[in-house]
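**Student:** Mind having a look at this structure? Questions to follow.
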Amino acid sequence: MQNVTLCALTAPVVAQQSPGSGPMMGQLLFFGLFFAAMWFLLIAPQRKKQKAHQQMIKSLGTGDEVLTTGGIYGIVTNVKDDRLVVRIAEGTKVEVARGSIQAVEKKTAAS
């Protein structure tokens with residue numbers, strides 16, 4: 001009987017020794033897990049996609065069929081440092097920034 005009474009009296013004392021550490025640690029753990037989940041679900045895939053797009057832009061070459069962000073299809077006729085010359089129709093060429101290329105539709109074998 002004394003053991004039960006002793007346990008009942010010491011349990012509140014043990015709980016009072018660190019009043020805020022339990023909920024505080026739980027909140028920190030929750031926010032840490034939340035940040036990790038957001039990183040793996042949103043940020044990491046976006047960074048991977050961005051790196052792939054940068055690699056695609058770097059590998060553009062003459063003869064590649066491309067799609068610009070404005071929705072114009074064309075064929076790369078000349079590659080410059082920061083822009084490309086794209087033929088969009090017979091006798092019509094435009095210079096576009098490398099960053100405005102959305103996708104490569106058909107890659108030439110030489111590129």
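**Student:** Might you let me know whether region 60-75 holds any residue that is surrounded by fewer than 15 Cβ atoms within 10 Å (Cβ to Cβ), in contact (Cβ under 8 Å) with a residue 40 or more places away in the chain and among the hydroxyl-bearing types (Ser, Thr, Tyr)?
**Tutor:** Yes, that holds for at least one residue.
**Student:** Further question on the same structure: For region 76-92, name all the residues that are surrounded by 10 or more Cβ atoms within 10 Å (Cβ to Cβ) and among the hydroxyl-bearing types (Ser, Thr, Tyr).
**Tutor:** 77
Let's see how each residue does on (1) in the same structural domain as residue 95 (by TED's automatic domain parsing); (2) in contact with a Lys or Arg (Cβ under 9 Å, 6 or more places away or on another chain); (3) over 30 Å from residue 107 (Cβ atoms); (4) of a type in the set (Lys, Arg):
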{"residue": "30", "(1), (2), (3), (4)": "no, no, yes, no"}
{"residue": "38", "(1), (2), (3), (4)": "no, no, yes, no"}
{"residue": "41", "(1), (2), (3), (4)": "no, no, yes, no"}
{"residue": "44", "(1), (2), (3), (4)": "no, no, no, no"}
{"residue": "47", "(1), (2), (3), (4)": "no, no, no, yes"}
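The values are calculated or read from the model by the stated rules, or taken from the named source; none is laboratory data. Predicted, not measured: the structure shown is a model, and the values here were computed from it. Neighbour counts run over all protein chains shown; Cβ positions are idealised from the backbone, glycine included.
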